[in-house]
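**Q** My structure is below; once you've seen it, I'll send some questions.
The values are calculated or read from the model by the stated rules, or taken from the named source; none is laboratory data. Nothing here was measured: the structure is a model prediction, and the numbers come from that model. As a convention, Cβ positions derive from the backbone with ideal geometry for all residues, glycine included, and neighbour counts pool all protein chains shown. Side chains included, ligands, DNA and RNA excluded: accessible areas come from the protein's heavy atoms. Shrake-Rupley method; radii C 1.70, N 1.55, O 1.52, S 1.80 Å.
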Amino acid sequence: MSPLSAVTLDSTGTLISCPAMGEIYAEVLARHGVHVTTSDVRRTFPIVWQELDCRTPAGRDRFTAFPGGARAFWGRLVERLCELLEAEKPGPFAVAELYHRFASASAWVVYPDAIPALEAMRALGLKLAVISNFDERLPGILEGLGLAARVDAVVVSSALGVAKPNPAIFHHALGRLGVEARAAIHIGDHRLEDVEGAQGAGMAALLLRRDDPAAGCPDLLAAAEAIARGAGSPLLPPPVGQPPAGLRR
């Protein structure tokens, strides 16, 4: 076993979030003559996301697998959202504006604990990387939010054609960092994609559960503290879906 050398992290739900998603959709669509409410978008978006996501086999990148790539994927998502809400069909300019808006850092926020946690991990001498099932916009978003400079690599599924929980995306990130899987731990908020995916790649894992601290690590600062307690000694992958003993409540 090797001492801990690196930490990889998920992006959305872990480092960043998009609390104004519903407002942005409603605002942009209204400007193009399509009228939906913020609450309707928030309620229907997860349904459409799941519907489209089911078309992609686990481990494949949903954006490169979709005919036409990421822009076509998001275009279809917007169209389907409007269909379910029985709203007007959005035109290509509305879809393009939405794609552009969510490419901007201004549409996203950094969780308050993210930067302090990254600084704490860096102070331990750990290499850091982001591994995300995201499209080509993520590196620019993280740069605009001041996060890209705080990590050594940003790995997105659309660049590789594979996605978490596929071990290949984890191994690619570890190769970028120059560390072995047994010397790395991954932090994310999705049990299958992050915890089981990382463990399948031979890494340790922490499940982040901001909404339910009893089920996992409550925030990134707690994760950094747990890593600090274990730094310098081997860390074994915990049982699937379970946080390390120090985080169980």
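**Q** Considering only residues that are of a type in the set (Gly, Ala, Ser) and outside any loop (DSSP other than H, G, I, E, B), look in region 1-25 and name the one that is nearest to Ala129 (Cα to Cα).
**A** Here the answer is Ala6.
**Q** Among the helices (runs of 4 or more DSSP H) lying completely within region 28-100, list those that include at least 2 residues that are more than 19 Å from Ser132 (Cα to Cα).
**A** Output list reads 38-53, 69-84.
**Q** Just a yes or no: is a residue in region 153-168 over 25 Å from Ala103 (Cα atoms), open to solvent by 30 Å² or more (accessible area, probe 1.4 Å) and modelled with pLDDT under 95?
**A** no
**Q** How many residues does region 71-90 contain that are within 23 Å of Ala159 (Cα to Cα) and open to solvent by 20 Å² or more (accessible area, probe 1.4 Å)?
**A** Total satisfying the criteria: 4.
**Q** Do we have Phe93 as buried (at least 16 other Cβ atoms within 10 Å of the Cβ) and among the aromatic types (Phe, Trp, Tyr) here?
**A** Here the answer is no, as Phe93 does not meet what is asked.
**Q** Do any residues in region 41-62 that are modelled with pLDDT of 95 or more have Cβ atoms under 9 Å from those of residues that are surrounded by fewer than 17 Cβ atoms within 10 Å (Cβ to Cβ) and among the acidic types (Asp, Glu), where the two are at least six apart or on different chains, and which pairs are they?
**A** Close Cβ pairs satisfying both conditions: Val41/Glu23; Val48/Glu83; Arg62/Asp53.
**Q** In region 38-55, how many are over 17 Å from His190 (Cα atoms) and either among the acidic types (Asp, Glu) or open to solvent by less than 60 Å² (accessible area, probe 1.4 Å) (or both)?
**A** The total comes to 8.
**Q** Restricting to region 26-37, count the residues that are open to solvent by less than 50 Å² (accessible area, probe 1.4 Å) and either free of Cβ contacts under 8 Å to residues at least 24 places away in the same chain or not hydrophobic (A, V, I, L, M, F, W, C) (or both).
**A** So the answer is 3.
**Q** Report every pair of residues separated by at least 6 positions or lying on different chains whose Cβ atoms are under 7 Å apart, first residue within region 80-95 and at negative phi, second exposed (fewer than 13 other Cβ atoms within 10 Å of the Cβ) and of a type in the set (A, V, I, L, M).
**A** Leu84/Ile47
**Q** Please list, ordered by residue number, the strands (runs of 3 or more DSSP E) wholly in region 104-203 having 2 or more residues that are touching a residue at least 40 places away in the same chain (Cβ under 8 Å).
**A** In region 104-203, the matching strands (runs of 3 or more DSSP E) lie at 127-132, 184-188.
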